[in-house]
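The values are calculated or read from the model by the stated rules, or taken from the named source; none is laboratory data. From a predicted model like this one, the values you see are computed outputs, not experimental measurements. Virtual Cβ from ideal backbone geometry, glycine too; neighbours counted across all protein chains shown.
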Amino acid sequence: MENLKRELAVVIGISSQMGTNVAIRYAAAGAMLVIADASEKNLAAVEKKIKEGGGDVISIIADTSSESGVKKVIQIAKERYGKPNFVVIMPSG
């Protein structure tokens with residue numbers, strides 16, 4: 001992945017290993033991250049891993065299986081950082 005400094009990536013649904021890997025790859029490339037999931041435990045683990053690697057991340061607990069939950073996450077990301085450059089929505093279940 002190219003250098004993504006000053007880019008914002010929103011990764012919704014990080015419970016799956018694929019979602020976690022996507023978030024970690026964006027962080028490694030230097031992107032600011034907003035990660036979201038319904039599982040507080042999974043969010044905390046991924047957020048910790050990203051921060052330990054020097055990444056800039058916030059996590060949001062949300063119902064990522066609903067349209068309103070996804071919209072909420074994107075709105076929070078916009079309020080915090082501005083318009084996202086990347087939005088990745090991983091399937092749940």
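I'm checking my understanding of the structure. Among residues of the range 34-93 that are hydroxyl-bearing (Ser, Thr, Tyr) and farther than 27 Å from GLU2 by Cβ, which one is surrounded by the fewest Cβ atoms within 10 Å (Cβ to Cβ)?
Looking at the filtered set, the residue picked out is SER68.
Do you know which residues across the range 25-38 are closer than 14 Å to MET90 by Cα and of a type outside the set (Asp, Glu)?
Taking the range 25-38 and keeping what is closer than 14 Å to MET90 by Cα, we get 34-38.
Listed by number, the residues that qualify are VAL34, ILE35, ALA36, ALA38.
Out of everything in the range 49-65 that is at pLDDT 95 or above and either polar (S, T, N, Q) or assigned to a helix (DSSP H, G or I) (or both), what residue ends up being farthest from GLY13 (Cα to Cα)?
GLU52
Pairs needed: first member in the range 66-93, in contact (Cβ under 8 Å) with a residue 60 or more places away in the chain and assigned to a loop (DSSP other than H, G, I, E, B); second member anywhere, charged (D, E, K, R) and surrounded by 12 or more Cβ atoms within 10 Å (Cβ to Cβ); C-beta distance under 8 Å; at least 6 residues apart or different chains.
PRO84/LYS78; ASN85/GLU7
Please tell me if VAL46 is part of a helix (DSSP H, G or I), closer than 15 Å to ILE14 by Cα and modelled with pLDDT under 95.
Working: part of a helix (DSSP H, G or I): yes; closer than 15 Å to ILE14 by Cα: yes; modelled with pLDDT under 95: no.
No, not satisfied.
Provide a single number: the residues in the range 25-41 that are within 19 Å of LYS72 (Cα to Cα) and either in contact with a Ser or Thr (Cβ under 8 Å, 6 or more places away or on another chain) or not acidic (Asp, Glu) (or both).
Residues that pass the stated criteria total 8.
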